[in-house]
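The block underneath contains the structure these notes are about, expressed in structure tokens.
The values are calculated or read from the model by the stated rules, or taken from the named source; none is laboratory data. Keep in mind it's a predicted model, so treat the numbers as computed, not measured. Glycine gets a Cβ as well: all are built from the backbone with ideal geometry, and neighbour counts include every protein chain shown. Ligands, DNA and RNA are excluded from the accessible area calculation, which covers all protein heavy atoms including side chains. Shrake-Rupley method; radii C 1.70, N 1.55, O 1.52, S 1.80 Å.
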Amino acid sequence: MDEVQITPGMQRYIDKNNQYLADRDRYIRDEVKKWKFDTVAVHGLYTVRDAIEDYQGAIVEPIFMSTSQAYRDSDEMAAALAYLIPTWCYSRIANPSTYYYEWTLALLEGYGFDGETSCCSTSSGMAAIMTAVQPFLVNRTHHKLEPRNFVATARCYGGTFQQFSVRLMEERDIECRWVLDGGNLDEWASKIDENTRFLYGELPSNPGQGFFDVRAVADLAHEHNLPLICDSTVATPALLRPICHGADVVVQSVTKTLCSSGFGVCGAVIARKNLVTNIDNEAMRSDFASYVKYLPNRDYGPNLHPMQAIMALNDIRTLRSKVDLMSRNTMRVARFLDQHPAVESVQYLGLPSHPLHELASRYLWLVDAEYDELYGKPVNRYGHLLSFCVRGGAEAARKAFDKLQRIWRATDLGRIKSVATIPAISTHQQQGEKGRELAHIPPNLIRLCVGGEHPDDVIADLERALG
Ligand SMILES: *Cc1c(COP(=O)(O)O)cnc(C)c1O
């Protein structure tokens with residue numbers, strides 16, 4: 001941006017807004033950061049004062065459909081468009097409804113973290129991944145294309161696999177170095193060189209239940225002056241907050257468990273302030289999420305619709321209790337499947353037989369269980385995604401799948417309603433047999449996401465289908 005000429009009129013707006021921002025920071029530090037998780041989820045940063053002063057007393061965050069904001073005069077406009085004061089200048093860039101969504105997610109991912117976090121809302125989880133990785137892949141020399149690579153867990157969402165292997169690797173010659181065993185720190189380390197830009201990991205992975213030691217991988221990344229980006233969609237901040245364990249950036253497909261009602265598609269990038277990177281860009285390093293929001297995403301436009309932001313917020317308010325309920329239901333279903341003769345294997349991190357159970361148990365805790373009158377102590381919860389292999393191969397799996405009645409057949413997860421899919425013919429169809437082998441996805445694997453129904457009814461449906 002060119003140097004901005006600041007007039008005395010602009011300065012008055014800047015001073016007034018600096019006062020407002022200082023008050024907001026103090027409110028976050030002295031009040032919001034001291035609340036329990038549920039209180040943050042219910043209120044976020046929307047206050048009685050905001051409501052009464054600006055929004056006619058509306059107790060729910062308003063949905064601002066307006067494309068843009070009008071300014072009092074040219075000084076205010078000039079200050080806003082130079083980003084010298086907070087602004088809703090144009091809804092592709094910023095909007096009051098997405099503002100509250102962003103703050104709620106920044107605070108939830110930053111719950112228990114003693115630094116600051118910020119968030120950039122995106123139109124989907126895939127847009128969040130693109131938003132998070134692209135700024136680290138820029139050309140540093142501005143002259144010729146440099147060799148660039150990044151290191152990522154092969155056990156990941158099918159869409160992520162496509163974005164990395166087709167859009168980045170095939171189409172742009174940016175090398176994705178897949179880590180086959182996320183638990184093996186030497187494998188991560190062996191793939192890093194001077195052209196590496198970031199490490200990327202999904203945990204727990206969808207659908208394979210991959211997991212890795214976040215703290216150890218974050219330390220490894222930082223030793224090489226690289227950031228660690230985590231896709232934490234399956235865990236949600238109710239179970240895991242990777243930034244508290246050293247990760248720099250978190251991507252969320254808010255579409256999933258965060259928005260369990262199933263009303264729409266949305267995403268978010270949440271980052272710690274002052275992250276680690278080998279890209280020489282101070283704005284990006286000091287506040288990554290605001291940087292991507294106001295610059296790259298302004299120019300690319302993968303923004304979230306304000307209506308969608310408020311629909312998602314409405315779901316997020318009850319996240320902790322829903323994740324607890326659905327995780328407990330999933331545990332019961334996993335135990336049932338685990339002893340069923342028609343089932344070859346069950347992949348669920350909550351089962352002690354899972355090879356990653358112990359590692360996952362170090363990280364996956366129901367937030368604030370120690371303050372819950374039912375528990376009064378920390379308790380592990382493992383989320384509501386599991387998968388199982390049906391004995392008899394692909395044919396038998398499809399037969400059982402087709403007999404499901406209560407559980408919906410859909411390529412979806414995170415729902416309050418139980419849904420199941422066969423990844424090999426749906427979410428992971430495009431990546432081919434080799435890609436599926438990398439991600440550990442055999443053709444007889446059924447992915448099941450257990451919802452909020454009574455688990456006996458879900459089990460009865462499975463019993464009938466497998467019988
Ligand atoms: C669904 C999903 C995504 C993509 O999110 P969309 O909102 O569908 O774009 C990314 N990561 C994981 C783990 C997912 O399950």
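A count restricted to segment 419-444 and to residues that are in contact with a Phe, Trp or Tyr (Cβ under 7 Å, 6 or more places away or on another chain) and of a type in the set (S, T, N, Q) stands at 1. Please go through segment 370-401 and pick out each residue that is touching a residue at least 60 places away in the same chain (Cβ under 8 Å) and either assigned to a loop (DSSP other than H, G, I, E, B) or not assigned by TED's automatic domain parsing to the domain that holds A424 (or both). R381, Y382, G383, H384, listed by residue number. Flag not set for A235, criterion: assigned by TED's automatic domain parsing to the domain that holds I129, free of Cβ contacts under 8 Å to residues at least 40 places away in the same chain and either more than 10 Å from the ligand (Cβ to nearest atom) or in a loop (DSSP other than H, G, I, E, B) (or both). Residues of segment 183-194 include none that is within 16 Å of the ligand (Cβ to nearest atom), crowded, with 23+ Cβ neighbours inside 10 Å, modelled with pLDDT of 95 or more and not assigned by TED's automatic domain parsing to the domain that holds G350.
From the list Y99, Y83, pick out the single residue that is out of contact with any His (no Cβ under 9 Å at 6 or more places or on another chain), in a loop (DSSP other than H, G, I, E, B), open to solvent by 20 Å² or more (accessible area, probe 1.4 Å) and of a type in the set (S, T, Y). Don't jump to the end; show me each part of the working.
Details: Y99 fails: in a loop (DSSP other than H, G, I, E, B).
So the residue among Y99, Y83 that is out of contact with any His (no Cβ under 9 Å at 6 or more places or on another chain), in a loop (DSSP other than H, G, I, E, B), open to solvent by 20 Å² or more (accessible area, probe 1.4 Å) and of a type in the set (S, T, Y) is Y83.
Considering only residues in segment 238-249 that are away from the ligand (no atom under 15 Å from the Cβ) and within 22 Å of Y99 (Cβ to Cβ), the one that is nearest to the chain's Cα centre (by Cα) turns out to be R241.
Okay, residues lined up against (1) in the same structural domain as A216 (by TED's automatic domain parsing); (2) modelled with pLDDT under 95; (3) aliphatic (A, V, I, L, M):
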{"site": "V276", "(1), (2), (3)": "yes, no, yes"}
{"site": "A283", "(1), (2), (3)": "yes, no, yes"}
{"site": "A289", "(1), (2), (3)": "yes, no, yes"}
{"site": "D299", "(1), (2), (3)": "yes, no, no"}
{"site": "P302", "(1), (2), (3)": "yes, no, no"}
{"site": "M311", "(1), (2), (3)": "yes, no, yes"}
{"site": "V323", "(1), (2), (3)": "no, no, yes"}
{"site": "S327", "(1), (2), (3)": "no, no, no"}
{"site": "M331", "(1), (2), (3)": "no, no, yes"}
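Tallying residues that are open to solvent by 40 Å² or more (accessible area, probe 1.4 Å) and either part of a loop (DSSP other than H, G, I, E, B) or charged (D, E, K, R) (or both) within segment 27-58 yields 12. Scanning segment 250-291 for residues that are within 16 Å of the ligand (Cβ to nearest atom), part of a strand (DSSP E or B) and farther than 17 Å from Y100 by Cβ turns up V250, V251, S253. Considering L366, L438, the condition of being open to solvent by less than 30 Å² (accessible area, probe 1.4 Å) and touching a residue at least 40 places away in the same chain (Cβ under 8 Å) is satisfied by L366 alone. Has segment 108-123 got at least one residue that is open to solvent by 40 Å² or more (accessible area, probe 1.4 Å), hydrophobic (A, V, I, L, M, F, W, C), within 28 Å of H224 (Cβ to Cβ) and in contact (Cβ under 8 Å) with a residue 40 or more places away in the chain? No; the residues of segment 108-123 include none that is open to solvent by 40 Å² or more (accessible area, probe 1.4 Å), hydrophobic (A, V, I, L, M, F, W, C), within 28 Å of H224 (Cβ to Cβ) and in contact (Cβ under 8 Å) with a residue 40 or more places away in the chain.
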